[in-house]
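Novice: Dropping a structure here in structure tokens format, bear with me for questions.
The values are calculated or read from the model by the stated rules, or taken from the named source; none is laboratory data. Not measured: the values here are computed from a predicted model. Please note: Cβ atoms are built from the backbone with ideal geometry, for glycine as well, and neighbour counts cover all protein chains shown.
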Protein chains: 2
Amino acid sequence: MQNFTFHNPTRILFGEGQIKALDAHVPCEARVLITFGGGSIKSNGVLAQVQAALGHRAWFVFGGIEPNPTYETLMEAVALARDKKVDFLLAVRGGSVIDGTKFIAAALKFDGEPWDILAKQAEVHDAVPFGSVLTLPATGAEMNSGGVISYRARGDKLPFRSEATYPRFSVLDPTTTYSLPPRQIANGVVDAFVHIVEQYLTYPVDARVQDRFAEGLLVTLTEIGPQALAEPHNYDVRANLMWTATLALNGLIGAGVPQDWATHMLGHEITALHGLDHAQTLAIVLPAMLSVRREQKRAKLLQYAERVWGIVQGTEAERITAAITATRVFFERMSVGTRLRDYQIGGSSIGTLMAKLEEHGMTALGEHGDVTPEVSRRVYQLAV
Amino acid sequence: MQNFTFHNPTRILFGEGQIKALDAHVPCEARVLITFGGGSIKSNGVLAQVQAALGHRAWFVFGGIEPNPTYETLMEAVALARDKKVDFLLAVRGGSVIDGTKFIAAALKFDGEPWDILAKQAEVHDAVPFGSVLTLPATGAEMNSGGVISYRARGDKLPFRSEATYPRFSVLDPTTTYSLPPRQIANGVVDAFVHIVEQYLTYPVDARVQDRFAEGLLVTLTEIGPQALAEPHNYDVRANLMWTATLALNGLIGAGVPQDWATHMLGHEITALHGLDHAQTLAIVLPAMLSVRREQKRAKLLQYAERVWGIVQGTEAERITAAITATRVFFERMSVGTRLRDYQIGGSSIGTLMAKLEEHGMTALGEHGDVTPEVSRRVYQLAV
């Protein structure tokens, strides 16, 4: 096991009816800015529940945070928060709104040009306290301290992270997911699945607990993913999905083990160039990535084959191939295409994708830093 | 899945050499009281490492906290801390020292007679900040907020718990466990195992993640327990044991599921009456408890049999019996006796044990509250 630090102070308030608990966890005298996205929280009744729970507190709303939240939009929220003397933020929706709210919280306390938090990775020492009401299980943003923000004008998309930007609490009420479109549920399952894989499918370091936790989350997703699509009002299925997606990226399974993240980096370029959903790009890249790097990942691929998919027959090579196929079949059962051609993208894009990848400095990716541009090109080619 | 709140702000600093990290996590100007037990941390060099890491800070020591920490001893530490104007506590050792230090931290800020924290379950709103350096993996005290304190003069042993008594950090360096006597390692494995079982072996609520995490921890203990005895200097074995014991009782696997704890309650009476180690009493009571309650726990026992012990052959009754036997055999492989007679205790004690159990109000134990005195008596009888 590698040395690690694990620290996660976010309080999880889990279960049906927990939106009411906001009253106990938002300071009594707070002036609250409720942040959200396109407005689904109005039609599904979640915003009304939130406002009821806030009771007598002064609250304001800021909607319109995009799926890939932009600096431009978030700075409008910063201005509104200043104008209204807001001292608590409440993100209501999924990863994009929560990521954006982390940035608003940091920008409000930042001494200088907030863009530097992203562009210069300036350290964030303080942030306005905030919580979240999660209605879209996928990214894990509700229980971690990181975010990814885009600058429309410059075409940049950059991450940040700070001890100051953990949500104080996150409400996870599975019933708020009932009205999600199937595509968002499917994307959430794939997103969580690949988050886990990036922290698990590397090389063995005898971290038995981390491996078994990761495998437990993956097996759970294989069981409940298709059910989450077929039975949108099945409480236990949605509850298991929600808790799994949170634990997939709250730091626990990644503590003390090598991490990969090359699939994410190659996927980001596809989103940037072709506008595909983040999860769609992961479903495209991962099977190709595992195929290209099957030798480097041999030991963990065999463990994955056996413990996640129950594959114990055949030669080692056959078991690895079967595990990669099972992964692809699972994504396709979730109705997420696993090849570029499923999205009408051909091999002619690869040149541009590679140029962007190198422009972004992504030339030594993966747990060994050996995913060179040459390796990435083979992954893209295999993903056509 | 049941509704739950999960919150655990303790920072874990894990791995060889992490004692040095104290310098970054104890406030620079702190006046530190180092608390410990019998003094093994002097002979194994841990105290010297701690003092070196604290550098220029003013530090004082308080040794002699007992295996079952007593109010009398802890109040001496409170007096010393007041006298020395201590503003940070550092517990160095295992669960008893950490539990005791939680109480010292709370008592120092408590307005009134600190015994009321235990006797009247008075609410603890504030505590002196403290951290721990764990050298004995077993109780999980390093990452939770509870403690159990005895009052020698009254023969009482009472629990307390508060949001204010989470350690700020805990250092987990597996090499500090190398010098532990085999009995303490064995006890630690059994203690962690039964902590997990109390939160897992109840009835199904479709909490897939919690079940798989619990099973992952149990399987890990079955693999590494005997190795931890046979190879005291095997770093990875000790690292896996340390992280497993912490996760066994940090609130994660018990969130959203029913809990039992009847085995603990029956075990406490054996310790009180006969002075057995806590883990020894758990090894005695658990197999008997599972046998007596096999119908109430049928579904989870079958799951436990299959997923923890790989038992899939035979009738349901046979599989359950085999799983209970496997549990007993595992404890005995750890050199921990599983019957009262292994400790020269006969059935004649049962009357006194039962009287004490009822005196302590333990008349409706377990996840269903159906462990009546009659059931408890059968458990003790079967445990002879």
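Novice: Take the residues in region A:229-244 that are farther than 18 Å from A:Val336 by Cβ and among the polar types (S, T, N, Q); name whichever of them is nearest to the other protein chains (Cβ to nearest Cβ).
Specialist: Only one residue fits best here, namely A:Asn240.
Novice: Which pairs do you get when a residue that is over 15 Å from B:Phe169 (Cβ atoms) and without any contact (Cβ under 8 Å) to a residue 60 or more places away in the chain, found in region B:96-109, comes within reach of a residue that is of a type in the set (Lys, Arg) and surrounded by fewer than 24 Cβ atoms within 10 Å (Cβ to Cβ), reach meaning Cβ atoms under 8 angstrom, with the pair 6+ apart or on two chains?
Specialist: B:Leu108/B:Arg82
Novice: Would you mind stating whether A:Lys84 is more than 27 Å from A:Gly251 (Cβ to Cβ) and within 14 Å of another protein chain (Cβ to nearest Cβ)?
Specialist: Answer is no for this residue.
Novice: Another question, then. Determine whether region A:23-41 contains at least one residue that is charged (D, E, K, R), in contact (Cβ under 8 Å) with a residue 24 or more places away in the chain and surrounded by 16 or more Cβ atoms within 10 Å (Cβ to Cβ).
Specialist: no
Novice: How about region B:69-87: which of its residues are surrounded by 22 or more Cβ atoms within 10 Å (Cβ to Cβ), assigned to a loop (DSSP other than H, G, I, E, B) and over 22 Å from the mean Cα position of the chain (by Cα)?
Specialist: The answer is B:Val86, and nothing else.
Novice: Can you pull out every residue in region B:215-228 that is at the interface with chain A (Cβ under 9 Å from one of its Cβ atoms) and hydrophobic (A, V, I, L, M, F, W, C)?
Specialist: B:Leu217, B:Val219, B:Ile224
Novice: Identify the single condition in (1) within 14 Å of chain B (Cβ to nearest Cβ); (2) acidic (Asp, Glu); (3) not in a helix (DSSP H, G or I) that A:Glu295 does not satisfy, given that it satisfies every other one.
Specialist: (1)
Novice: Taking A:Arg377, is it in contact (Cβ under 8 Å) with a residue 12 or more places away in the chain, more than 22 Å from the chain's Cα centre (by Cα) and under 30 Å from A:Pro181 (Cα atoms)?
Specialist: Taking the combined requirement at face value, the residue does not satisfy it.
Novice: Looking at (1) farther than 24 Å from B:Leu252 by Cβ; (2) modelled with pLDDT of 95 or more; (3) in contact with a Lys or Arg (Cβ under 7 Å, 6 or more places away or on another chain), find the lone condition where A:Gly267 falls short.
Specialist: The failed condition is (3).
Novice: Listed residues B:Leu108, B:Leu90; which is within 19 Å of B:Tyr166 (Cβ to Cβ) and crowded, with 24+ Cβ neighbours inside 10 Å?
Specialist: Just a single option satisfies the conditions, and that option is B:Leu90.
Novice: Could you say whether any residue in region B:196-207 is closer than 30 Å to A:Tyr235 by Cβ, among the hydrophobic types (A, V, I, L, M, F, W, C) and within 15 Å of the chain's Cα centre (by Cα)?
Specialist: Checking region B:196-207: at least one residue is closer than 30 Å to A:Tyr235 by Cβ, among the hydrophobic types (A, V, I, L, M, F, W, C) and within 15 Å of the chain's Cα centre (by Cα).
Novice: Could you grab me the full set of residues in region B:87-108 that are of a type outside the set (A, V, I, L, M, F, W, C) and within 19 Å of B:Ile65 (Cβ to Cβ)?
Specialist: Listed by number, the residues that qualify are B:Arg93, B:Gly94, B:Gly95, B:Ser96, B:Asp99, B:Gly100, B:Thr101, B:Lys102.
Novice: While we're on this one: Which numbered condition in (1) within 14 Å of chain B (Cβ to nearest Cβ); (2) under 23 Å from A:Pro181 (Cα atoms); (3) crowded, with 18+ Cβ neighbours inside 10 Å is the only one that A:Gln210 fails?
Specialist: Failing condition for A:Gln210: (2).
Novice: So which residues in region B:9-63 are among the hydrophobic types (A, V, I, L, M, F, W, C), more than 14 Å from chain A (Cβ to nearest Cβ) and assigned to a helix (DSSP H, G or I), if there are any at all?
Specialist: Once the filter is applied, which keeps residues that are among the hydrophobic types (A, V, I, L, M, F, W, C), more than 14 Å from chain A (Cβ to nearest Cβ) and assigned to a helix (DSSP H, G or I), region B:9-63 yields B:Ile41, B:Val46, B:Leu47, B:Ala48, B:Val50, B:Ala52, B:Ala53, B:Leu54.
Novice: Among A:Ala272, A:Ala255, A:Ala279, which is the only one that is within 14 Å of chain B (Cβ to nearest Cβ), touching a helix residue (DSSP H, G or I) at 6+ places or on another chain (Cβ under 8 Å) and of a type in the set (Gly, Ala, Ser)?
Specialist: After applying the criteria, what remains is A:Ala255.
Novice: Select, from B:Met354, B:Met362, the only residue that is in the same structural domain as B:Ala262 (by TED's automatic domain parsing), surrounded by 16 or more Cβ atoms within 10 Å (Cβ to Cβ) and not in a helix (DSSP H, G or I).
Specialist: None of the others qualify; the one that does is B:Met362.
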